[in-house]
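First comes the structure, then the notes that go with it.
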Amino acid sequence: MEIVKPQQTVVTPEHLLFEAPRKRAYITGSEAASEAIKRANVDIAIAYPITPQSETMQRVGDLFGQGYVRDYYRAEDEVGAFSAISGASRTGVRCMTASSGPGLMRGLEVIASWPGHRVPVVFLIMCRVINAPLSIQPDNLELDYMLSTGNIVFHAENQQDFFDYTLAGFVISEKCEVTLPVAVAVDGFFVTHARGWVEMPSSDLKLPPRDCYREAVPMIDNENPPIRIARDAPIQKSNFISYQMHASWQQEIHAAQERSRRWIYKYLGGLIEVVNPGAETVIVASGSAVSQSREAVRQAEEMGHRIGLIKVKSLRPFPVEELREACKSAKRIIVPEFNCAGWLNRELRATLYNHSDAEIAPGPRVFGGITMPTELILQWLFDKTGNCR
Amino acid sequence: MSLKTINCSPVFMPYMPKEYLDLINKGPFGKEMKLSQVGSVKELLEEHPMCEGCAMAYFIRMTLIAIPTPEHSVIVGTAGCGRLSLSQAAIPFVYGNYCDTNGVATGIKRGLALRFPEQHKDVIVMAGDGGLADIGFSQVMHSWFRKEKFATIMLDNEVYGNTGGQESGMTRKGEVVKMAPVGKQFEKIDMLSLARASGVAYIARLTITNPARIVNTIRKAILVAREIGPTYVQAYTSCNIEYTIPPEKVMDDARRVEQERYSFVEEMSDAAREYLEKVHNIK
Ligand SMILES: Cc1ncc(C[n+]2csc(CCOP(=O)(O)OP(=O)(O)O)c2C)c(N)n1
Ligand code: SF4
């Protein structure tokens, strides 16, 4: 089949993300993600189906059919897909893939090796229950596993975030001082299969292509000196030089994450968003729990209470300084989460230790597909008499 | 042409190590190496930490001589003994996770094809029998089903050498090795038939007894993969440590094994044959 390339104009990331006029559309999260890919000048997308991710990657397949994406195929499994992405990114082309729950867990060995290979990639995560018992319902426990991989991890609240963070993800991932994979997560179904208003620039515009010779490591393309590059140095020998090499390599990944902070400020408007700054009772949340919390804050306001809300946009790097500052006046903090482990709660406790006297409540948490009614958040905020707990 | 990337800036030349200068002046870049030149040219691989007399190390050396355009080639390896030397050769080497060779090679091949549509770039997977027939089996098979254009070369020492001699799918039935305490219970995996059934364009099996044949076979496999489709070479490269073969007996062992059960096999599709004859004048 002959694919006719669509006419798109390359514009700067700043123009695409901030300046170009936007139009509103009422679309699902899966649609929002594929709309971002349409404007992202992607060279290779590799798919493997899993609910609730499949629809996005099917749509990306359609984009390939229409000429917006240059190469695309359905891989044999997640390990195959993520490995191929890792190979493709080493050659300097722009790559993306996506997965959910069990698929992410299956490919975790590969995902955890991307940062060390210094491969810019955008990896979309549509969170769902991790087996077992098998379930396709939303639950973001898998993000707990992502936190120590060295990947940059954003957690989108809604369809709009999913669109914006995905586009910004490519730009940040390919910055020279970053050169790391960026994972953009959303809560499955709640965002992927539900509609929301999304403002988007024209699809006649797209990001500039990847500029691979401006990155931190040489490409595997035999086009740049030196002649011999083993970017993935086998440093498994048992001597102190190899230990040092490995240690410094890991430190450098960590440092690269740190260096991504200023770009997250630029392209995501910061690592957190604060509603009602200086409040004594504060909700800290990420992902779709933020939307639920916004509604709780609104209802609390009707009851005459001013509740603070901190939305954590970036899980890695984690907004350590920002949270310490934003929680300065807090006396009590609750952390609504869609997982049983309470990873955000744990992160927050580690961050505020010795920096705040606030009581940090161990919840509320729902998981296994259960929704988070606003009433639940309100129950954790107020006692039966309607006073703040 | 990327030959310019091999030469560094002239002002640096006096300060470059001799090995580097030798590679530029007497190396295989920009020309096709002949076996008869060995000894008078600078090879891509000279030193390596593999065991003394290791058949695999010898086979890899011959393979590197066979690569038609090393300046446009990438080798993909994985955990296993082979990468110990491959990672020290003067050719880009990619080393990912154990199992991922054929997925990674797929991505590399496709990425390079997008960026350099006018310049062929050869991708060569070289990994152990465990890496390709056990843990990497699915990726190998699927790269063949998808007809990905790169060569897969199995360094078949019939054991997990690098982890100390455990049973692999390519170990022969009845063989007592680690993790097969009462002898392996099932037959050696018939990868050649699987390659055949998958429509691999060029298939070969060989041992290390005939260096000219190694060079010839590998070169054909790489050239066919460049234009026609996936290729597979399976080489018996005994492990002298795990099968207790003294270094001076490695060739004898290879000759015996070749005679008894590892005879030379070469099959190719009509398209592959035509291409080799027409374009490369190779029969
Ligand atoms: C995911 C994973 N599982 C297991 C290993 C351990 N491992 C490293 S090398 C190896 C065996 C290598 O055997 P083979 O592929 O046959 O190559 P050889 O060393 O014999 O050349 C194993 C099991 C690993 N590195 N990664
Ligand atoms: S363990 Fe066996 S295969 Fe590995 S280097 Fe030594 S002899 Fe060669």
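Across region B:29-119, what fraction of all alpha-carbon pairs, as a whole percent, falls in each successive 5 Å bin from zero upward?
Distribution as computed: 3, 13, 21, 22, 20, 12, 7, 2, 0 percent.
From the P(r) of region B:85-143, can you give the percent of Cα pairs sitting at distances over 17 Å?
For region B:85-143, the fraction of Cα-Cα distances above 17 Å is 43 percent.
Determine the shielding of peptide B:109-121 by partner chains: average, over its residues, the number of Cβ atoms on other chains within 10 angstrom of each Cβ.
6
Take every residue in peptide B:82-93, count the Cβ atoms of other chains within 10 Å of its Cβ, and give the average of those counts.
Averaged over the peptide's residues, the number is 4.
Rank by packing, highest mean first: peptides A:79-85, A:358-364, A:217-223, A:4-10, with packing defined as the count of other Cβ atoms within 10 Å averaged across residues.
By packing density, highest mean first, the sequence is A:79-85, A:217-223, A:358-364, A:4-10.
Which peptide among A:118-127, B:85-94 comes first, and what is the full order, when sorted by highest mean count of other Cβ atoms within 10 Å?
Taking the mean over residues of other Cβ atoms within 10 Å, the ranking is A:118-127, B:85-94.
If you project the alpha carbons of chain A onto their three principal axes, what span does each projection cover, largest first, in Å?
Projected onto the principal axes, the Cα atoms of chain A cover 72, 55, 44 Å.
Calculate the mean, over all residues of peptide A:87-100, of how many other protein chain Cβ atoms lie within 10 angstrom of the residue's Cβ.
Mean shielding by partner chains, rounded to a whole number: 5.
Can you compute the charge dipole magnitude of region A:21-201 about its Cα centre, using +1 on each Lys and Arg Cβ and -1 on each Asp and Glu Cβ, nothing else charged? Give it in debye, rounded to the nearest 20.
In debye, rounded to 20, region A:21-201 gives about 480.
Past the 27 Å Cα-Cα mark, which pairs from A:206/B:149; B:147/B:184; B:26/B:278; B:34/B:121; A:311/A:331?
A:206/B:149; B:147/B:184; B:26/B:278
Once the Cβ-Cβ distance between residue A:74 and residue A:349 is put in as r, and R0 is 41 Å, what FRET efficiency do you end up with, to the nearest 0.05?
0.45
Suppose R0 equals 51 Å; then what is the FRET efficiency for residue A:203 and residue B:244 from their Cβ-Cβ distance, rounded to the nearest 0.05?
In this case the efficiency is close to 0.20.
Out of every Cα pair in region A:21-201, what percent are spaced more than 27 Å from each other?
Summing the P(r) tail past 27 Å for region A:21-201 gives 16 percent.
Take the Cα gyration tensor of region A:103-225, multiply each eigenvalue by 5, square-root it, and list the three semi-axes largest first, rounded to whole angstrom.
Computed over region A:103-225, the values are 28, 21, 10 Å.
Report, to two decimal places, the Cα Rg of the protein assembly as shown normalised by 2.2 N^0.38 Å (N = number of residues).
Computed over Cα atoms of the protein assembly as shown, the ratio equals 1.06.
Can you give me the Cα centroid spacing of region A:159-182 and region A:85-123 in angstrom?
That distance is 14 Å.
Once the Cα gyration tensor of chain B is found, what semi-axes does its equivalent ellipsoid get, as square roots of 5 times the eigenvalues, in whole Å, sorted largest first?
Ellipsoid semi-axes (Å, largest first): 30, 23, 18.
Towards the positive end of the charge dipole of region B:13-167, with charges on Cβ (+1 Lys, Arg; -1 Asp, Glu), say which of B:24, B:75, B:163 has the farthest Cα.
My answer, from the dipole projection, is B:24.
Averaging the inverse of every distinct alpha carbon separation and then flipping it gives the Kirkwood radius. What is it for region A:29-112, in angstrom units?
12.6 Å
Given R₀ = 56 Å, FRET efficiency for residue A:370-residue A:240 by Cβ-Cβ distance, to 0.05?
0.65
Suppose every K and R has +1 on its Cβ and every D and E has -1 on its Cβ; what is the size of the dipole of region B:38-279 about the Cα centre, in Debye to the nearest 20?
The dipole magnitude comes to about 500 debye.
Which Cα, out of B:93, B:257, B:103, lies furthest along the positive dipole direction of region B:38-279 (beta carbon charges, K/R +1, D/E -1)?
Of the options given, the answer is B:103.
Using the Cα centre as the reference, give the magnitude of the dipole from point charges on the C-beta atoms of region B:89-195 (Lys, Arg: +1; Asp, Glu: -1; all else neutral), rounded to the nearest 20 debye.
Using Cβ point charges on Lys, Arg, Asp and Glu, region B:89-195 gives about 320 debye.
What percent do you get for the relative contact order of chain A when only Cα pairs under 8 Å and 6+ apart count?
So the answer I get is 18 percent.
Using +1 at the Cβ of each Lys and Arg and -1 at the Cβ of each Asp and Glu in the protein assembly as shown, identify which of A:99, A:309, B:12 lies farthest towards the dipole's positive end.
B:12
Quick check: pseudo-label points 7 Å beyond the Cα along Cα→Cβ at residue B:26 and residue B:12, how many nm apart are they?
2.3 nm
On a straight-distance basis, which aspartates and glutamates could pair with residue B:31 in a cross-link, Cα separation under 13 angstrom, same-chain partners fewer than 8 positions away excluded?
B:43, B:71
How many percent of the alpha carbon pairs in region A:249-326 exceed a separation of 19 Å?
Tail fraction, whole percent: 43.
Can you give me the Rg/Rh ratio for region B:117-245, using Cα atoms for both radii and the Kirkwood formula for Rh?
The Rg/Rh ratio comes out at 1.00.
Divide, for region A:190-340, the radius of gyration over alpha carbons by 2.2 N^0.38 Å, where N is the residue count.
Against the empirical 2.2 N^0.38 Å value, I get 1.49 for region A:190-340.
Pairs of Cα atoms under 8 Å, at least six residues apart: use those to get the relative contact order of chain B, whole percent.
In percent, rounded to a whole number, it is 17.
Which lysines have a Cα lying under 24 Å from the Cα of residue B:188, excluding residues fewer than 8 positions away in the same chain?
B:173, B:178, B:249
Expressed as cubic angstrom per residue, what is the convex hull volume of the alpha carbon set of region A:273-381?
About 87 Å³ per residue, rounded to a whole number.
Just from its helices, what would the mean residue ellipticity at 222 nm be for the protein assembly as shown, if runs of 4 or more DSSP H residues each count -39500 (n - 2.57) and the sum is divided by every residue, rounded to the nearest 500 deg cm²/dmol?
Mean residue ellipticity, 222 nm, calculated: -10000 deg cm²/dmol.
How much length is gained if the chain between residue A:134 and residue A:9 is pulled fully straight, taking 0.36 nm per residue apart and subtracting their Cα-Cα distance, in nm to one decimal?
Length gained, residue A:134 through residue A:9: 40.5 nm.
The numbers here are math on the coordinates, done by the rules we state, and not lab data. Here the structure is a predicted model, which means the values were calculated and not measured. When we count neighbours, we look across all protein chains shown, and the Cβ atoms used for this are built from the backbone with ideal geometry, even at glycine.
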